[in-house]
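**Student:** Here it is, the structure in full.
The values are calculated or read from the model by the stated rules, or taken from the named source; none is laboratory data. Values in this document were obtained by computation on a predicted structure and should not be read as measured data. Here Cβ is always computed from backbone atoms with ideal geometry, including for glycine, and neighbour counts include all displayed protein chains.
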Amino acid sequence: MIIQQIIDEINRNQTFLVVAHENPDGDAIGSTLGLALALRDMGKDVVAYNVDGIPAVMQFLPDSDFLLNSLPDDAKFDIAFVLDAGDVKRTALPVKNLCRTMINIDHHPFSTFGDLCYLDTTACATAILVYRLLIAYQYQPSLAVAKALYLGILSDTGSFRYSSANQESFVVAGELVELGVDPWEVSSNLYESHAPERMLLLGLVLPTLQISSCGRYASVVMTLDTLKQSGASEEHSDGLVNYPRAIRGVEVALFFNQVSENLYKISFRSRGTIDVGTLAHKLGGGGHHNAAGAKISGTLEEVKMTVFPLLDKLLS
């Protein structure tokens, strides 16, 4: 069994890197910090890393400063855990060159890289897979680990609103609450502690709302100029894609994020009927059924003319 193979690797080795995808969401941060702190509790030498660091709204987590956004030039590890990434390239690290063994833990379809790969697309979050691993290891999660994993589950289920919120997500969340997690502390920090710049950004993004003629998909846009006007950073845009999805009748929401003059990152969100993961994969990106993304070169209009016809065909 793959979990036992991973446990054997933990027992056999001493130095570990734990990393997730760039522009991290709650699951990326929660699973990274949860696993890294647990490994530290086991007496291992651990580095937790994310190229973009930890978003401000997640810095309430205990030991959040344990997560670094830089590595020494000579960094080498026995094991590298890559979590929630979909593709190792999304870590923005040459992971294979940094370790002897790479272990991929993920719930995104098509995520099959690594020397060992623990993939379960039925899991609501990668944090769930980390929890399964720790329980199988007979590790009793500390409160710091429990809070991190709870954040990952809460974030990737949209506060248990998404279709990914299966029975296991509620069971594990309940077990983490039993360990001392305060649901209000986590949710209030994640959803009700935004910087003023985020609200200014939202005020500039919402007027770009475009609803398709069929009414089944809608989009908003954030340009480089939008960011400059609001004084916000990219991390403040997390979750803005959910606003068009909240419109009655909309099945797919899109968020066009300008990365450079002729490059846009598109985030897709589905209500569940449409598989946006497969759509993103066709566009060179990745993700899962209800949440995915891709990067496309071109002007905004050119990018829209690439994506919208694909959606029209998918919805027809």
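**Student:** Name every residue in the stretch 129-152 that is of a type in the set (A, V, I, L, M, F, W, C), crowded, with 18+ Cβ neighbours inside 10 Å and closer than 25 Å to Ser188 by Cα, in order of residue number.
**Tutor:** Of everything in the stretch 129-152, those that are of a type in the set (A, V, I, L, M, F, W, C), crowded, with 18+ Cβ neighbours inside 10 Å and closer than 25 Å to Ser188 by Cα turn out to be Leu129, Val130, Ala144, Val145, Ala146, Ala148, Leu149, Leu151.
**Student:** Out of Gly293, Gly298, Gly272, Gly286, report the one residue that is more than 24 Å from Asp106 (Cα to Cα) and either touching a Phe, Trp or Tyr at 6+ places or on another chain (Cβ under 8 Å) or not assigned by TED's automatic domain parsing to the domain that holds Ala123 (or both).
**Tutor:** Details: Gly293 fails: more than 24 Å from Asp106 (Cα to Cα); Gly272 fails: more than 24 Å from Asp106 (Cα to Cα); Gly286 fails: more than 24 Å from Asp106 (Cα to Cα).
Only one candidate qualifies: Gly298.
**Student:** I'm trying to understand the selection: among the residues of the stretch 131-142, which are farther than 17 Å from Met1 by Cβ and within 22 Å of the chain's Cα centre (by Cα)?
**Tutor:** Pro141
**Student:** Taking only the stretch 235-274 into account, find how many residues are modelled with pLDDT of 95 or more, within 17 Å of Arg198 (Cβ to Cβ) and surrounded by fewer than 19 Cβ atoms within 10 Å (Cβ to Cβ).
**Tutor:** 1
**Student:** Look through Thr226, Thr157, Thr126, Thr208 and report the one residue that is over 20 Å from Ala20 (Cβ atoms), surrounded by 15 or more Cβ atoms within 10 Å (Cβ to Cβ) and either assigned by TED's automatic domain parsing to the domain that holds His21 or touching a strand residue (DSSP E or B) at 6+ places or on another chain (Cβ under 7 Å) (or both).
**Tutor:** The unique qualifying residue is Thr208.
**Student:** Now, a different point. Take the residues of the stretch 292-316 that are of a type in the set (A, V, I, L, M, F, W, C) and touching a helix residue (DSSP H, G or I) at 6+ places or on another chain (Cβ under 7 Å): which is surrounded by the most Cβ atoms within 10 Å (Cβ to Cβ)?
**Tutor:** Across the stretch 292-316, the extreme among qualifying residues is Ala292.
**Student:** What helices (runs of 4 or more DSSP H), lying completely within the stretch 234-316, carry at least 1 residues that are among the aliphatic types (A, V, I, L, M)?
**Tutor:** So the answer is 276-282, 300-315.
**Student:** Which pairs do you get when a residue that is on the phi > 0 side of the Ramachandran plot, found in the stretch 63-81, comes within reach of a residue that is surrounded by 11 or more Cβ atoms within 10 Å (Cβ to Cβ), reach meaning Cβ atoms under 8 angstrom, with the pair 6+ apart or on two chains?
**Tutor:** Asp63/Leu33; Asp63/Leu37; Asp63/Ala144
**Student:** May I pose another question? Looking at the stretch 140-172, which of its residues are assigned to a helix (DSSP H, G or I), closer than 20 Å to His108 by Cβ and of a type outside the set (Asp, Glu)?
**Tutor:** Scanning the stretch 140-172 gives Ala148, Leu149, Leu151, Gly152, Ile153, Leu154, Ser155, Ser169, Val172.
**Student:** Please enumerate the residues belonging to the stretch 181-192 that are surrounded by 13 or more Cβ atoms within 10 Å (Cβ to Cβ) and either more than 21 Å from the chain's Cα centre (by Cα) or in a loop (DSSP other than H, G, I, E, B) (or both).
**Tutor:** Val181
**Student:** Of the numbered conditions (1) out of contact with any helix residue (DSSP H, G or I) (no Cβ under 7 Å at 6 or more places or on another chain); (2) farther than 20 Å from Gln59 by Cβ; (3) of a type outside the set (Asp, Glu), Met199 satisfies every one except a single condition; which is it?
**Tutor:** That leaves (2) as the condition not met.
**Student:** Could you list, in sequence order, all residues of the stretch 217-232 that are over 25 Å from Val276 (Cα atoms) and either of a type in the set (Asp, Glu) or in a strand (DSSP E or B) (or both)?
**Tutor:** Listed by number, the list holds a single entry, Asp225.
**Student:** When the stretch 246-268 is examined, which residues are found to be charged (D, E, K, R) and under 20 Å from Ser316 (Cβ atoms)?
**Tutor:** The answer is Glu251, and nothing else.
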